[in-house]
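Below is one structure, written out as structure tokens; comments come after it.
The values are calculated or read from the model by the stated rules, or taken from the named source; none is laboratory data. Since we're looking at a predicted model, the values are computed, not measured. Here the Cβ is made from the backbone with ideal geometry for all residues, glycine too, and neighbour counts use every protein chain on show.
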Amino acid sequence: MRQRYGKERVVCTDIRKPPKTVLQSGPYRYANILNKGGLEEILVENRIDQVVHFSALLSAIGEQNVTLALQVNIEGFHNIIDLCRTHDLKLFCPSTIGAFGPETPRNNGQLCFSK
């Protein structure tokens, strides 16, 4: 995304310490998806107009800690939706192959439907 839109125009966030390549490639901010106030601060301070939301716990971890998975995957996503609505931001939330299963074609274009 930074190559396409410019390194200063894409702010990467994560709850983990980023690798040096991320830090050297443009702005980075620590963010916890469950901290709505912290997310809002990042959105406002950086004048964000679009959000690409990848934050989620997949089943391998989620099955070990169901409470955390529900918090991150549902409450966290609700935080993002609410902030995008409040600040009139565009939101893109891609899914993973895990949501559709291994039979899903890998080259499926813009739309993919689950059986």
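Conditions (1) modelled with pLDDT of 95 or more; (2) of a type in the set (A, V, I, L, M); (3) farther than 16 Å from residue 86 by Cα, marked per residue:
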site	(1), (2), (3)
1	no, yes, yes
4	no, no, yes
9	no, no, yes
13	no, no, yes
22	no, yes, yes
27	no, no, yes
37	yes, no, no
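Can you find a residue in the range 42-57 that is out of contact with any helix residue (DSSP H, G or I) (no Cβ under 7 Å at 6 or more places or on another chain) and of a type in the set (Gly, Ala, Ser)?
no
Given (1) surrounded by 11 or more Cβ atoms within 10 Å (Cβ to Cβ); (2) more than 21 Å from residue 84 (Cβ to Cβ); (3) free of Cβ contacts under 8 Å to residues at least 24 places away in the same chain, identify the lone condition not met by residue 41.
Evaluating residue 41 over (1) surrounded by 11 or more Cβ atoms within 10 Å (Cβ to Cβ); (2) more than 21 Å from residue 84 (Cβ to Cβ); (3) free of Cβ contacts under 8 Å to residues at least 24 places away in the same chain leaves (2) as the failure.
Given the residues 14, 49, which is the only one that is closer than 21 Å to residue 94 by Cβ and surrounded by fewer than 13 Cβ atoms within 10 Å (Cβ to Cβ)?
Among 14, 49, only 49 is closer than 21 Å to residue 94 by Cβ and surrounded by fewer than 13 Cβ atoms within 10 Å (Cβ to Cβ).
Every residue in the range 68-96 that is within 18 Å of residue 46 (Cβ to Cβ) and surrounded by 16 or more Cβ atoms within 10 Å (Cβ to Cβ), please.
Selection gives 79, 80, 83, 84.
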